[in-house]
1. Name the single residue, out of those in the stretch 173-200 being crowded, with 21+ Cβ neighbours inside 10 Å and not in a loop (DSSP other than H, G, I, E, B), that is nearest to the chain's Cα centre (by Cα).
2. Quick check on this structure: which one of Ile219, Ile170 is among the hydrophobic types (A, V, I, L, M, F, W, C) and over 25 Å from Asp298 (Cα atoms)?
3. Are there any pairs, at least 6 apart or on different chains, whose C-beta atoms fall under 7 Å, with the first in the stretch 297-319 and over 15 Å from Leu281 (Cα atoms) and assigned by TED's automatic domain parsing to the domain that holds Asp267 and the second of a type in the set (D, E, K, R) and surrounded by 13 or more Cβ atoms within 10 Å (Cβ to Cβ), and if so, which?
4. Inside the stretch 185-212, can you point out the residues that are touching a Ser or Thr at 6+ places or on another chain (Cβ under 7 Å) and either within 27 Å of Asn85 (Cβ to Cβ) or not assigned by TED's automatic domain parsing to the domain that holds Ser223 (or both)?
5. Pick out the one residue from Asn196, Asn232, Asn237, Asn250 that is farther than 25 Å from Lys3 by Cβ and modelled with pLDDT under 95.
6. Inside the stretch 62-79, can you point out the residues that are under 17 Å from Thr40 (Cα atoms) and either over 26 Å from the mean Cα position of the chain (by Cα) or small (Gly, Ala, Ser) (or both)?
7. Report, by residue number, each residue of the stretch 220-235 that is surrounded by fewer than 20 Cβ atoms within 10 Å (Cβ to Cβ) and of a type outside the set (Lys, Arg).
Amino acid sequence: MGKNIFFEQKGPFFLDELFTASLLKKKIKIFDIRNLQQATNRDLTFFDHINYISLAKSTKAAYCITTARLKDYLPKTCVPILVKNVIFELCRVTRQFYPNADIDSPDLTLKNSKKIKISKVKFGNNVLIGKKSKIGKNSIIGSNTIIEHDVIIGDNCTIGSQVVLRNSLIGNNVVIQDGCKIGLKGFGFIPLKEKNLRFPHIGKVVIKDNAEIGANCTIDRGSMDDTVIGKNTFLDNQVHVAHNIKIGNNCMIAGQVGFAGSTVIGDNVSIGGQAGVSGHLNIGNNVKIGGGSGVVKDIKDGTVVMGYPAVVLKEFIRNSKK
């Protein structure tokens, strides 16, 4: 995820400030909270599911929020902090480091594009631009679009009307059609009896070169990671991409497809309209998913699936004849 340019970070914190039950004798500074793959020996991380054993074994984090069942998968250089509910503790600590990432407040730095000097960019009417945003040459921005603070848009991009871009990095030659909302907070909270606890989303959206995003798509920013749309990948209208999704290069996603959080989609994947893909899955390269399918399991490279739950096409056809 790299340096966070979109959210103000507090800290560093001493470990015993974050965990009052800490039995460590010496004062330990923690500089950030990051996922297993990106954490350094100055950071705290988290490990809550056996799907991430390989990442846990190679993490460089100094400390890890985890459970007694999972702690033995961590390297000896990473000290486990044992808790009953990893996600609750992760939420609590992340809110300390990033107290303004749990609610999307309006950007008060916005100015009308007519008051900002950006050469070689064409603007429609009533375009609002946030502080430190950058727009590449030969790009065009449609009317009533909002580009919030620190957003970066590459060269030769076409951004439609009534688009909202926040917490996003957009590559070159990208097309984003009318009505898209990109980089907003995802659907993440912990249900409590009196009041739901909102989970901070501190990631961003990365849309790579030559991608196209159809009208009225919604792409949530990452929670503890980034949401990524690969090169030359095209999304049809009304596609929803949840937090932490990774979609590879040269993919074709038809209208009204929905992705739940933290799933990884390979390269050259085609998905038919109104299909749904569950969270925390791995979809291989060159996969084809039929329209209206419900994907609830990992899919290997080169597989064609159909149905709900989605199965290999030959099995779907055989079952449909019964």
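1. Gly183
2. Details: Ile219 fails: over 25 Å from Asp298 (Cα atoms).
Result of the check over Ile219, Ile170: Ile170.
3. Taking only residues 6 or more apart or on different chains, the pairs are Val304/Lys288.
4. Gly186, Gly188, Phe199, Pro200, His201, Ile202, Gly203, Lys204
5. On the way: Asn232 fails: modelled with pLDDT under 95; Asn237 fails: modelled with pLDDT under 95; Asn250 fails: modelled with pLDDT under 95.
Result: Asn196 is the single residue among Asn196, Asn232, Asn237, Asn250 that is farther than 25 Å from Lys3 by Cβ and modelled with pLDDT under 95.
6. Correct list: Ala62, Pro75, Lys76, Thr77, Val79.
7. From the stretch 220-235, those surrounded by fewer than 20 Cβ atoms within 10 Å (Cβ to Cβ) are 231-232, 234; that's our starting set.
Of everything in the stretch 220-235, those that are surrounded by fewer than 20 Cβ atoms within 10 Å (Cβ to Cβ) and of a type outside the set (Lys, Arg) turn out to be Asn232, Phe234.
To keep it simple, each residue is scored yes or no on (1) assigned to a loop (DSSP other than H, G, I, E, B); (2) more than 22 Å from Ile153 (Cβ to Cβ); (3) free of Cβ contacts under 8 Å to residues at least 40 places away in the same chain.
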site	(1), (2), (3)
Ile202	yes, no, no
Val206	no, no, yes
Asn210	yes, no, yes
Asn216	yes, no, yes
Gly222	yes, no, no
Lys231	yes, no, no
Gln238	yes, yes, yes
Gln256	yes, yes, yes
Gly261	yes, yes, no
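The values are calculated or read from the model by the stated rules, or taken from the named source; none is laboratory data. In this text the structure is predicted, and so the values were computed from the model without any measurement. All Cβ positions, even for glycine, are placed from backbone atoms using ideal geometry, and neighbour counts span all protein chains on display.
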